[in-house]
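Working notes for the structure below.
What follows draws every value from the coordinates through simple rules; no lab data is involved. On a predicted model such as this, the values are computed, not experimentally measured, just so you know. Neighbour counts are summed over all protein chains in view; Cβ atoms, including those assigned to glycine, are modelled from backbone coordinates with ideal geometry.
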There are 4 protein chains.
Amino acid sequence: MLKAAIVGATGIVGQQFVLALQHHPWFTIEGLAASQRSAGQSYGQALRDPSSGALRWYAQSAPDPAVLDLPVELAEDLDAGRFDVIFTGMESAPAKVLEPLYAKQCPVLSTASAFRYEDDVPVLIPAVNDDHIALLEAQRQKRGWQGFITPQPNCTTLGAAITLAPIATHFGIDTVVMTSMQAVSGSGRNGGVLSLDIVDNVIPYISGEEEKVQREIGKVLGQRTANGIVPADLRMSATCTRVPVIDGHTESMLVITKHQTDVAEVRTALEHFGESFVQLGLPSSPQQFIVVHDDPFRPQPRLDRDTDDGMATVVGRLRADTAFENGLQYVLVSHNTKMGAAKGSVLTAELLAQKGYIGA
Amino acid sequence: MLKAAIVGATGIVGQQFVLALQHHPWFTIEGLAASQRSAGQSYGQALRDPSSGALRWYAQSAPDPAVLDLPVELAEDLDAGRFDVIFTGMESAPAKVLEPLYAKQCPVLSTASAFRYEDDVPVLIPAVNDDHIALLEAQRQKRGWQGFITPQPNCTTLGAAITLAPIATHFGIDTVVMTSMQAVSGSGRNGGVLSLDIVDNVIPYISGEEEKVQREIGKVLGQRTANGIVPADLRMSATCTRVPVIDGHTESMLVITKHQTDVAEVRTALEHFGESFVQLGLPSSPQQFIVVHDDPFRPQPRLDRDTDDGMATVVGRLRADTAFENGLQYVLVSHNTKMGAAKGSVLTAELLAQKGYIGA
Amino acid sequence: MLKAAIVGATGIVGQQFVLALQHHPWFTIEGLAASQRSAGQSYGQALRDPSSGALRWYAQSAPDPAVLDLPVELAEDLDAGRFDVIFTGMESAPAKVLEPLYAKQCPVLSTASAFRYEDDVPVLIPAVNDDHIALLEAQRQKRGWQGFITPQPNCTTLGAAITLAPIATHFGIDTVVMTSMQAVSGSGRNGGVLSLDIVDNVIPYISGEEEKVQREIGKVLGQRTANGIVPADLRMSATCTRVPVIDGHTESMLVITKHQTDVAEVRTALEHFGESFVQLGLPSSPQQFIVVHDDPFRPQPRLDRDTDDGMATVVGRLRADTAFENGLQYVLVSHNTKMGAAKGSVLTAELLAQKGYIGA
Amino acid sequence: MLKAAIVGATGIVGQQFVLALQHHPWFTIEGLAASQRSAGQSYGQALRDPSSGALRWYAQSAPDPAVLDLPVELAEDLDAGRFDVIFTGMESAPAKVLEPLYAKQCPVLSTASAFRYEDDVPVLIPAVNDDHIALLEAQRQKRGWQGFITPQPNCTTLGAAITLAPIATHFGIDTVVMTSMQAVSGSGRNGGVLSLDIVDNVIPYISGEEEKVQREIGKVLGQRTANGIVPADLRMSATCTRVPVIDGHTESMLVITKHQTDVAEVRTALEHFGESFVQLGLPSSPQQFIVVHDDPFRPQPRLDRDTDDGMATVVGRLRADTAFENGLQYVLVSHNTKMGAAKGSVLTAELLAQKGYIGA
């Protein structure tokens, strides 16, 4: 078994890492770390609200009692050398400081944006850009680390990138126009969306989100070179909004391809995407990366977010666009806190373990 | 005072006509008509649920007690000759049959789609295409009617068209890409969206809506000829979705203009749009047709739908597009059951009355 | 395997019966029946909307493809003699007519209220009143049927009754005051709550619900005699409201017991309730009938409704009442469309099968 | 004109005070105060988010531009002697420190709970306990203040107390059982309910709320003596829950009266309550304190919270209780951020001004 630590363990992403790892066949949770406020307590104590006794647990499934007994260490003092892999679910500012410290000794898989845009840091999405993994060698050498840092993309990037990948491969992508309708769980718990703001409402802006998505799509779909990634040559326009949905980002997509195609061909490309990855048989892998619905009322976040335990991207309304030649339209739903966050990161770790980058 | 009738008076649109007309300075409600189920009762009786005694009233403001005492006539038997104007809020199928009967004698303003796509029928939006009014003469002559039919556009068309009109005038429009996030009240009460379908959800499709919007935008922004409208020469792509919002459609817009411009110029054009219309001083007119926000978190349907009592279109996030040269992006909120339905239709009637098409 | 039919198969309750039975170890779905509109088609065809092609499926889990191929028969023509048990999910009016026809030949488990208040008809809740089963003999004799009818209680009755049963047994119940906050899925699909009515709202009334709950609680907790049930001697007051929640009824309970007790004793009684039933090992049985939380912020419908796959009743805020001597307060959450409807009915069928009332 | 200050001006309650006072016929806003973070800026600057430029304004109506230009002073340094009245909308801890400082020189009307339970501090509700005002004299003498402190009750207490007052007067109250379904705006903005917690959910607990309501009901309906209030002799039991509603608390009430009565008598008592208060003609007074609906589907928070601009309490479902002799049941809706907070406090100030306690 590979020894895993979770940093930022008490937060919403950290809790999802606990769920993704607590009964994992390859990884065991050997360490939990958090800020000064929680350090020195058991995980169960740290999660419990002192005044009301309530367990501050935000996910649908419950944590394993054994995990609640684990001690929470101070993130700054964590001895990275004890672990085979460290999963981090922190804000960007502490991630900037702590992740390099850990990476000196240990592979770090992060959900923070702190290192996403560095040249030698691949932003990995399973089945999309597995060849970017080789860049980790360059990173290690350049930085003199035994480990490395590889971050998850933004949760809104993820569903878009998974559906764009087969289209880029088969037909080329000239332009992407996206309007997202994002779930409230994506906004985290500290500084999250207040109910006062979202009931009976849409919020038409999420700070920094559109820039992140545009930049990350280019990088994720880009070409690896010896020392970095050449971004994909595509134009993108994004509007990111928040809607009263708990989990599951919905994205309205318009894609202009470089080569002529038709809906049937695109559908085939989507449905076959990731087949060889699925055959790797990794524990957290979906059985099918992209599920395509004929029913025009699908995908809906409430009905489709949990497809394949939240690891599949669900597509519907695939049709020829009415405005652009070589234009395609579709709507997708992607689970922002499963494939789009902790569990997606665990799937990446499984791939890295199989390829010998973790635990070797 | 001009004598007005409301047909489909017990439905959700009919009730909004009651609210828009009950204290109107120019119009009095002289007739109410509905189907067999309600005919022969007082309006108050017809609205009351026989088993529970509940008043089936769907709007926030209450009806005037005097209106509740008015008799409800059978729509099929309504003597159109008694009225100066008839407002109809019916489904498309009965509208197809009844509106021409009324139009023989009386002007008909409709919210149904039944006649929207006929050559000699203008789809009027105040301040957008007032010159299309002249087509009513051709309609009268061709059909041998004393009255005429002029329908409201679809509620989703309306907010889009109002913001596109000044852009078309000043900069020309090549292409429009729209994703709407529509309120549930737009779906009406019979066959409306069930709460089971929309709580914690987005529905990515509304039957027929996208085709309507694309067709109507072309017509509304088109050029009037002697016998019809030549649609505007623009390309459009639309995705219409439903979100858990009571009132107020939100639309994410991407517009590619024919001529180069910048955000400041577009903003000026939007803010000045409709100024001469406002100076007509019509009773239901907004004070400003388009309100533009700098705050990137606006417009929000809950905060902005009631701007100028639901008659203004509220715009925010105006910015240069990142994918297309001459591309502009913005988000708008438009009140789908006020400017987008009955009260918008009453504003059109006020304009027609002032120009002598009603009550002359 | 026991041969089961589902009548009202295309409705929301019928679909839940399909889910509860499609991979059941004891029952196979041998027949599906519905009204004229669906009869003669395959189940999949009957569920598909002719204009849009959408599958009208309302539950989170998907139906088995094999079930979609089964033919739908006309409910009026169903040959009850072919089955070991018939599950019905119809409105009360057709249930009144059809259920007795089926019961001549076959056991009928119903979710309709049509026969709930007849003297010789037990309203069974697993673990609560299993001794009422013996009344089925009297029913068969009196009516001359080979089968019988036994209905589920109302979904709001169910959670209340399960928690009241151990309190009644151990401490006696003098009075119950309940305010429910019910989910929208309880209102069914035809005539269900419109989203226009429930977003940002509470509806303080559900027609007939309070009377049903008060009457059914008395019957369910009553004493069986040779020919009927003597209602429990308790007083009850109920206010039933609807809130914007998809699944899971929340009930605020105040119980005045006959005998003095304390919170610890009541908690023990609740937690041990149903233990011998659980040991029967029935396939749909919860592992624990009543789960009690210390966390004062629980139970919450979104977090707790799926406890033990929706078959457990979850209790929290158990405390001594501040107004009444021998008063207890608590809040419960019960899954209205699982234990409270189809799957609860299947659990009853399992018990009846084990006792030889079905399939003997 | 009376000179008013608002302390805690940038918070949600402070903003409501701005709305309630900005066009008031008797009061002018002469001072705004807040914490260190906002002090020294204009009100408009203090409200603006530095990174996004968004105006952090939480109420539906907009602030007057003139108010946005007022300077924000530091609450600790506010010279209370400049004002005729100070309205405070702070958390309890700073209120405990600052309100007595202000009260040395100036009347203080507070929405905080800091002084609610002190013997010499009346908790005033217009029309309910106007005779408690005389206690302010005792407070001034005892504490040696020129001014005084008088707090609003909790927003959940308010609607309950207004409906209980006429029942207590006419029929006596023995016991009250209440389950509240409270809006999210009642939870404030800092530490407010996150959307992640409330969409598709009910939260069955609000820390400290039930104790507050029970204690305050007794005090508000109590008897004034020379030096304090003797609490009303009634028993009360409360369960306070949070539901996905923006504004408007819904309360399910069961009242056991001391004397026999009937629904018609109670209805008359409710409808006539506050008539003499209304005749005072105070600017913020409702036209009718309690509006009673026959329609069993009312009151609903979305439809009824704004009755009389949020100053009326709306009652429905008035009926004889089925469990208790002399038991009555009803449901009420009360606007928690209008009558239940700032605007209710302004109405109290109007009464105090008319009686010479403010501005004399």
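Structure above, values below:
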{"item": "Within the range B:155-334: Cβ-based charge dipole about Cα centre, in debye rounded to nearest 20 (Lys, Arg +1; Asp, Glu -1)", "result": "360"}
{"item": "Computed FRET value (nearest 0.05) for C:Asp69 with C:Gln279, which takes r as the C-beta separation and R₀ as 41 Å", "result": "0.60"}
{"item": "Pair-distance profile P(r), taking every C-alpha pair of chain B, with 20 angstrom steps and integer %", "result": "31, 59, 10, 0"}
{"item": "Per-copy distances of the C:Gly144 label point, shortest first, in nm (7 angstrom along Cα→Cβ)", "result": "7.0, 9.7, 9.9"}
{"item": "Cα-derived Rg to Rh of the range C:38-114, Kirkwood definition", "result": "1.00"}
{"item": "The range D:155-334 - share of DSSP beta bridges that are antiparallel (%, nearest 5)", "result": "70"}
{"item": "Per-residue ³J(HN,Hα) for the range A:14-25, Karplus 6.51 cos²θ - 1.76 cosθ + 1.60, θ = phi - 60°, Hz, x for Gly and Pro", "result": "x, 5, 5, 4, 4, 4, 6, 10, 5, 10, 6, x"}
{"item": "Partner chain coverage, peptide C:292-304 - average Cβ within 10 angstrom", "result": "6"}
{"item": "The range A:288-349: mean projected area of Cα convex hull, nm²", "result": "5.0"}
{"item": "Dmax and Rg, reported as Rg then Dmax, of the range C:233-360 (C-alpha, Å)", "result": "16.1, 52"}
{"item": "Zero-based 10 Å bins, Cα pair distances in the protein assembly as shown, whole percents", "result": "1, 8, 14, 19, 21, 19, 12, 5, 1, 0"}
{"item": "Alpha carbon centroid spacing (whole Å) that separates the range B:58-84 from the range A:275-300", "result": "55"}
{"item": "Label spacing, shortest first and in nm, from D:Gln105 to its equivalents in the remaining copies (7 angstrom along Cα→Cβ)", "result": "6.1, 7.6, 9.3"}
{"item": "Relative frequency of Cα-Cα separations exceeding 26 Å in the range A:155-334, percent", "result": "30"}
{"item": "Selection from D:Ala66, D:Val315, D:Ala232 lying farthest towards where the dipole of chain D points positive, charges on Cβ", "result": "D:Ala66"}
{"item": "Sites B:Val230 and C:His259, calculated FRET efficiency, Cβ-Cβ separation with R0 56 Å, nearest 0.05", "result": "0.05"}
{"item": "Residue-averaged 222 nm ellipticity for chain D, from DSSP H runs of 4+ at -39500 (n - 2.57), nearest 500", "result": "-8000 deg cm²/dmol"}
{"item": "The range C:1-136 - Rg over Rh from alpha carbon coordinates, Kirkwood radius", "result": "0.97"}
{"item": "Cα-based convex hull, the range B:17-77, per residue volume (Å³, whole number)", "result": "88"}
{"item": "Average other protein chain Cβ within 10 Å of Cβ, residues C:96-109", "result": "0"}
{"item": "Copies compared at A:Arg56 - label distances in nm, ascending, label defined 7 Å from Cα in the Cβ direction", "result": "2.0, 4.7, 4.9"}
{"item": "C-alpha long axis of helix C:263-272 to longest principal axis of chain C, angle in °", "result": "20"}
{"item": "Highest to lowest packing among B:287-296, A:304-313, D:53-62, scored as the average C-beta count within 10 Å", "result": "A:304-313, B:287-296, D:53-62"}
{"item": "Cα-projected label distance for B:Lys355 with D:Ala360, points at 7 Å along beta-carbon direction, nm", "result": "6.6"}
{"item": "Rotational relation D to A, axis-closest Cβ in chain D, residue and distance rounded to whole Å", "result": "D:Ser195, 2"}
{"item": "Nonlocal amide H pairs with C:Leu318, under 5 Å, H built at 1.01 Å", "result": "C:Val331"}
{"item": "Gaussian network model of chain A, Cα within-10 Å springs - most flexible of A:Pro166, A:Pro153, A:Pro25", "result": "A:Pro25"}
{"item": "Shielding score for A:246-255, defined as the mean number of other chain Cβ atoms within 10 Å", "result": "5"}
{"item": "For the range B:190-267: span of alpha carbons on each principal axis (Å, largest first)", "result": "47, 38, 19"}
{"item": "Cα-only radius of gyration and Dmax that characterise the range C:129-220, units Å", "result": "17.0, 52"}
{"item": "The protein assembly as shown, dipole about Cα centre (Lys/Arg Cβ +1, Asp/Glu Cβ -1), debye to the nearest 20", "result": "0"}
{"item": "Helix axis angle, D:92-103 relative to chain D longest principal axis, alpha carbon, degrees", "result": "70"}
{"item": "0 to 90° range, to nearest 10: angle between helix C:342-354 axis and chain C longest Cα axis", "result": "90"}
